[in-house]
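Report on one structure; see the data block that follows.
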Amino acid sequence: MGFIQLVLLEGLLLLSAGMIFFGGIRGTVAATVALSGINLLVHDPVQFWRWEIPLLLGGVVGMSLLLIVGRIANRGKVVSGLVGGVISLVLFGAFFTPIIAIILWGLVFGTGIIPRYKRSEVLWSFAPTISRLILGLGWIIYGNFLTL
């Protein structure tokens, strides 16, 4: 593969990880379809199924994990403000310098980062975000192995 193709591939893998992080289960479905497309373009029909079956199994396991963790975390009703605060911090950090981003985030979206709940509720409230990050990182790594 040429350099431009590798850069475009890595951009597509990062986009897939972003779809997982911001889209949850729907984003995981879209990322699985995107990686299946890469697999179809890169491999012949025999090798396609060698890589596709683990990809589909990983997608199903990832969606199940996001569903289960999301349901458990939603019992505490802490998730919406907490995840919204973390996502807004990431978005502001992408467009402003980190110091200005933290100040603006604290003034505008600073709800939910330090909740007044039990420790287990706080840990479960971070679980969906952490599982989305891990799943997105796993898709990036699998996509890089996919093109070898």
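The values are calculated or read from the model by the stated rules, or taken from the named source; none is laboratory data. In this text the structure is predicted, and so the values were computed from the model without any measurement. Don't worry about glycine lacking a Cβ; one is built from the backbone with ideal geometry, like all the others, and counts go over all protein chains shown. Heads up: the accessible areas ignore ligands, DNA and RNA and are worked out on the full protein's heavy atoms, side chains in. Shrake-Rupley method; radii C 1.70, N 1.55, O 1.52, S 1.80 Å.
One table, with the values for the structure above:
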item	result
Lone qualifier among R71, R75, R50 - being in contact with an Asp or Glu (Cβ under 9 Å, 6 or more places away or on another chain), open to solvent by 60 Å² or more (accessible area, probe 1.4 Å) and modelled with pLDDT of 60 or more	R75
Failed criterion for M63 (all others in (1) aliphatic (A, V, I, L, M); (2) more than 27 Å from S125 (Cα to Cα); (3) free of Cβ contacts under 8 Å to residues at least 60 places away in the same chain hold)	(2)
Condition met for G62 (in contact with a Lys or Arg (Cβ under 8 Å, 6 or more places away or on another chain) and among the small types (G, A, S))	no
Any chance G58 is surrounded by 12 or more Cβ atoms within 10 Å (Cβ to Cβ) and over 14 Å from G143 (Cβ atoms)	no
Test: residue in the range 32-41 that is touching a residue at least 12 places away in the same chain (Cβ under 8 Å), touching a Pro at 6+ places or on another chain (Cβ under 8 Å), surrounded by 19 or more Cβ atoms within 10 Å (Cβ to Cβ) and under 29 Å from P128 (Cα atoms)	no
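Rundown of residues vs (1) farther than 23 Å from G138 by Cα; (2) in a loop (DSSP other than H, G, I, E, B); (3) modelled with pLDDT under 85, yes/no style:
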| site | (1), (2), (3) |
| --- | --- |
| R26 | no, no, no |
| L41 | no, no, no |
| A101 | yes, no, yes |
| G112 | yes, yes, yes |
| L123 | no, no, yes |
